[in-house]
Amino acid sequence: MGKTPRRQPVPSNLFSFSRLKAYSQCPLRYRYRYLKGMKEAFKSIEAFLGSVVHEVLEWMYRRRFEGAPPALDEVLDELARRWQASWTDDIAIVRLGVSADDVYRQGREMLTGFFHNVFLSDRSTTIALEQRMSARISEDVTFTGFADRVGRTEQGRLFVVDYKTSSREGDASDFSEGLQAPLYAVSAMDHNGDATCLAGYHYLRFGSTNWRKVDRKTGEVLQNRFRRLAEEALAASEFPPKPGILCAWCGFNRICPAAEVPESLSGGRFPVARQ
């Protein structure tokens with residue numbers, strides 16, 4: 001078995017949502033990626049689609065901010081350009097029977113729907129795109145992340161919106177949806193001096209947006225919840241695997257002794273001989 005590529009481990013006190021979510025879903029994956037600095041063997045095409053679509057959305061709003069909002073054909077041309085330029089050999093199509101063209105068409109459909117149903121009628125003002133958010137929550141925990149878009153409504157209300165390409169709509173009970181955008185909203189309030197902020201998720205496949213009002217009191221509760229989860233990960237001494245359906249999308253599934261990958265989702269599991 002060949003050696004798994006490595007990168008630098010993430011500083012122990014620096015926590016993003018991706019890091020906490022990895023610990024929540026599978027402590028062993030968390031250990032491989034964040035504590036040992038191992039690089040995953042592949043990136044799923046769903047993650048690749050999300051990255052490219054986010055890049056195009058950022059480009060759209062940046063063009064609008066510069067006074068040259070793009071037409072739909074320009075948006076789709078930009079998707080094609082970025083898709084081709086960013087494609088790498090380590091992108092895996094996990095679901096057998098699905099093609100890269102199928103997923104690319106999904107990206108076109110999401111951006112087309114967003115362009116007609118949101119972008120053309122959006123009169124809000126952009127404050128920042130892909131803004132780095134950071135807050136020291138305790139002596140041992142610093143929260144960090146990137147907000148997709150920070151802006152103000154026509155009425156002047158501060159908002160943060162996160163764009164989702166996921167195949168289902170989330171709600172506040174979900175791990176990410178319950179914390180991610182709301183904590184970005186807390187950082188946006190601190191940065192802009194506002195007492196409240198709208199935290200939203202726009203689900204591109206469904207054309208829907210869920211909003212939540214965040215104030216200072218709510219922000220304190222959210223930060224304390226995030227701190228407790230991070231401290232649990234910091235205190236962990238054992239990192240057991242949690243095998244399940246998500247193993248198919250884990251880039252460590254070829255070295256994990258407990259990985260469960262059904263045949264229908266084996267597109268990302270590279271054939272490696274077991275020792």
Checking Phe239, Phe206, Phe270 in turn, the sole residue that is modelled with pLDDT of 95 or more, among the hydrophobic types (A, V, I, L, M, F, W, C), assigned to a loop (DSSP other than H, G, I, E, B) and in contact with a Phe, Trp or Tyr (Cβ under 9 Å, 6 or more places away or on another chain) turns out to be Phe239
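Based on this model, can you work out whether Arg31 counts as in a helix (DSSP H, G or I) and either within 19 Å of the chain's Cα centre (by Cα) or within 30 Å of Leu111 (Cα to Cα) (or both)? First the steps, then the outcome.
Numbers: in a helix (DSSP H, G or I): yes; either within 19 Å of the chain's Cα centre (by Cα) or within 30 Å of Leu111 (Cα to Cα) (or both): no.
No, not satisfied.
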Please give the number of the condition Trp249 fails out of (1) surrounded by 16 or more Cβ atoms within 10 Å (Cβ to Cβ); (2) over 19 Å from Ala147 (Cβ atoms); (3) out of contact with any strand residue (DSSP E or B) (no Cβ under 8 Å at 6 or more places or on another chain); (4) not small (Gly, Ala, Ser).
-> (3)
Where Gly207 falls short, out of the listed (1) out of contact with any helix residue (DSSP H, G or I) (no Cβ under 8 Å at 6 or more places or on another chain); (2) on the phi > 0 side of the Ramachandran plot = (1)
Criterion: within 24 Å of Asn13 (Cα to Cα) and of a type in the set (Asp, Glu) - qualifying residue of Glu238, Glu260 = Glu238
List pairs: first in region 96-110 and surrounded by 14 or more Cβ atoms within 10 Å (Cβ to Cβ), second among the acidic types (Asp, Glu), Cβ under 8 Å, 6+ apart or cross-chain?
-> Val103/Glu46
Which one of the conditions (1) more than 20 Å from the chain's Cα centre (by Cα); (2) touching a residue at least 60 places away in the same chain (Cβ under 8 Å) does Gly268 fail to meet, given that it meets all the rest?
-> (1)
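Tell me the residue from Ala259, Ala233 that is outside any loop (DSSP other than H, G, I, E, B), at pLDDT 90 or above and either surrounded by 15 or more Cβ atoms within 10 Å (Cβ to Cβ) or in the same structural domain as Arg108 (by TED's automatic domain parsing) (or both), please. Spell out the reasoning first.
Working: Ala259 fails: outside any loop (DSSP other than H, G, I, E, B).
Only one candidate passes the filter, namely Ala233.
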Enumeration of residues in region 41-76 that are surrounded by 13 or more Cβ atoms within 10 Å (Cβ to Cβ), over 21 Å from the mean Cα position of the chain (by Cα) and outside any loop (DSSP other than H, G, I, E, B) = Arg63, Arg64, Phe65, Leu72, Glu74, Val75, Leu76
Flagged pairs (Cβ under 7 angstrom, 6 or more apart or on separate chains; first in region 124-143, surrounded by 17 or more Cβ atoms within 10 Å (Cβ to Cβ); second among the basic types (Lys, Arg)) are Ile127/Arg152; Leu129/Arg62; Leu129/Arg149; Ile137/Arg227; Val141/Arg227
Considering only region 210-230, how many residues are surrounded by 16 or more Cβ atoms within 10 Å (Cβ to Cβ) and not in a helix (DSSP H, G or I)?
-> 3
Residue match in region 143-152 (condition: small (Gly, Ala, Ser) and under 30 Å from Glu231 (Cα atoms)) | yes
Test result for Phe114, part of a strand (DSSP E or B) and not acidic (Asp, Glu) | no
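The values are calculated or read from the model by the stated rules, or taken from the named source; none is laboratory data. The structure displayed is predicted, hence computed values, not measured ones. When we count neighbours, we look across all protein chains shown, and the Cβ atoms used for this are built from the backbone with ideal geometry, even at glycine.
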